[in-house]
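**Student:** My questions all concern the structure below.
Bear in mind these aren't lab numbers, they're just calculated from the coordinates by the rules spelled out. Quick caveat, the model's predicted, so the values are computed rather than measured. FYI the Cβ positions are ideal-geometry reconstructions off the backbone, even for glycines, and counts take in every protein chain you see.
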Amino acid sequence: MAEGKGGKPISASQQTTGTDKAVVTRRQYFRRKKVCRFCLEKIDDINYKDVKLLSAFITERGRIIPRRLSGVCAPHQRRLSNAIKQARNIALLPFTTR
Amino acid sequence: MRIYEQLFIIRPDASEPEIDAFLEQITGVINNAGGRVDKLEKWGVRKLAYPVEKRHEGYYVLLQYGSQPDAVKEIERRFRVSDLVLKYLTVRIDEKLKWLQKRQKMREQRSKRKPAARPVEAAAMPGEPAPEE
C-alpha cells in the first residue's frame, strides 16, 4: 500500500521487525494497534443520516478526525468523510463550532 | 427508474396543515411523473447544527421515492420557490442500495462457507485491501 505507518517518518531505531501488521513496533511506549471500527463491526452502510455514528468521527470543533488518529481504513474513511460532508450540507453536523 | 432520497428542512414555525399541504403537493408531483413514493418520514423539529436563514431549529422531512430524473428537477424547483423550505438535500441511492445488497449477500455466503474463519474475516474485509495500521 502507498501509505506507510500513518505517514510518520520512522527512524532506523524504530524500524518494525518485518511483520508490520502485528504490535511489534519497538518504541519506548506501547502503542495499541488501531483497527478500523467499520471493518470490525461490519458496518456497510455509512449513512449521512446517522448523526450519532458520524459525530464520533468529528472533533469538538467539527473537523473530521484524520484516519491516522481514528484508525479507520482508507475505503471506510472515504465513505465516512463523504457522509459527514453530506450531513453538514443539511445542517445535521456543523461545519465549525466556536 | 431511479431511487432518490430527499431530506429537507421546513421552517419550524410552519403550522401542521401547512406542512401537510406542501407534502401533498410534492407527492403529487412524483405521482404525476409516474414515480412512486416509498417512504415519507417526518422527523419533526430538530436543532440545526448551524443557523440557516437566522433560524436555529428546523422541521426535518425525509422523502424516499423512485422516479425519472425529471421529477427531481421539478421538486427541487418547488423547494427553491417555496418559502417553507429552508434547505434540501437530494441523494440518488439506488446504486448504493444495490451495493449494500451485494455486500450483504457476500457476507452471508462467507459466513456459510467457512464459519471457522470468522475472526480472520473481521480483520481483513472481503474485496478490500487489508488495513495497514
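**Student:** With r defined as the distance between the Cβ atoms of B:GLU95 and A:ASN82 and R0 fixed at 22 Å, what FRET efficiency is calculated, to the nearest 0.05?
**Tutor:** Approximately 0.95, to the nearest 0.05.
**Student:** Could you compute the FRET efficiency for B:GLN109 and A:LYS42, with r as their C-beta to C-beta distance and R0 at 22 Å, rounded to 0.05?
**Tutor:** Result of the calculation: an efficiency of 0.95.
**Student:** Let me ask something else. Using the structure shown, select from A:LYS49/B:LYS87; B:LYS39/B:LYS98; A:LYS85/B:LYS47; A:LYS49/B:LYS47; A:LYS42/B:LYS96; A:LYS49/B:LYS54 the pairs with a Cα to Cα distance greater than 20 angstrom. Each step should come with its number before you reach the end.
**Tutor:** Working: A:LYS49/B:LYS87 15 Å; B:LYS39/B:LYS98 18 Å; A:LYS85/B:LYS47 18 Å; A:LYS49/B:LYS47 14 Å; A:LYS42/B:LYS96 16 Å; A:LYS49/B:LYS54 23 Å.
In this structure, A:LYS49/B:LYS54 lie more than 20 Å apart at Cα.
**Student:** Ranking B:ASP20, A:ASP50, A:ASP44 by Cβ neighbours within 10 Å, fewest first, what do you get?
**Tutor:** Least crowded to most crowded, the residues run B:ASP20, A:ASP50, A:ASP44.
**Student:** Sort B:4-14, B:68-78 by the packing proxy (mean of other Cβ within 10 Å over each peptide's residues), most packed first. Can you show the working numbers first?
**Tutor:** On the way: B:4-14: 19.9, B:68-78: 15.5.
My ranking of the peptides, most packed first, is B:4-14, B:68-78.
**Student:** Which value results for Rg/Rh of region B:2-95 when Rg is the Cα radius of gyration and Rh the Kirkwood radius based on the inverse mean 1/r?
**Tutor:** My calculation of the ratio gives 0.96.
**Student:** May I pose another question? Only counting other Cβ atoms within 10 Å, I'd like B:ASP83, B:ASP94 sorted with the fewest neighbours first.
**Tutor:** B:ASP83, B:ASP94
**Student:** Okay, next question. Mind listing the phi-derived Karplus ³J(HN,Hα) values for region A:81-95, rounded to whole Hz, using 6.51, -1.76 and 1.60 with θ = phi - 60°, and x for any glycine or proline?
**Tutor:** 5, 4, 5, 4, 5, 5, 5, 5, 4, 9, 6, 8, 10, x, 6
**Student:** For region A:34-89, what Kirkwood radius comes out of the mean inverse Cα-Cα distance, in Å?
**Tutor:** One over the average 1/r among Cα pairs gives 11.2 Å for region A:34-89.
**Student:** Ok, one more. Label points 7 Å out from Cα along the Cβ direction at B:LEU62 and B:ASP83: separation in nm?
**Tutor:** The two pseudo-label positions are separated by 3.1 nm.
**Student:** Now, a different point. Over the whole of B:50-60, what's the average partner chain Cβ count within 10 Å per residue? Rounded to a whole number, please.
**Tutor:** 2
**Student:** Taking R0 as 45 Å, what's the FRET efficiency between A:VAL35 and B:ARG46 from their Cβ-Cβ distance, rounded to 0.05?
**Tutor:** Values: r = 33 Å, r/R0 = 0.73.
The value I calculate is 0.85.
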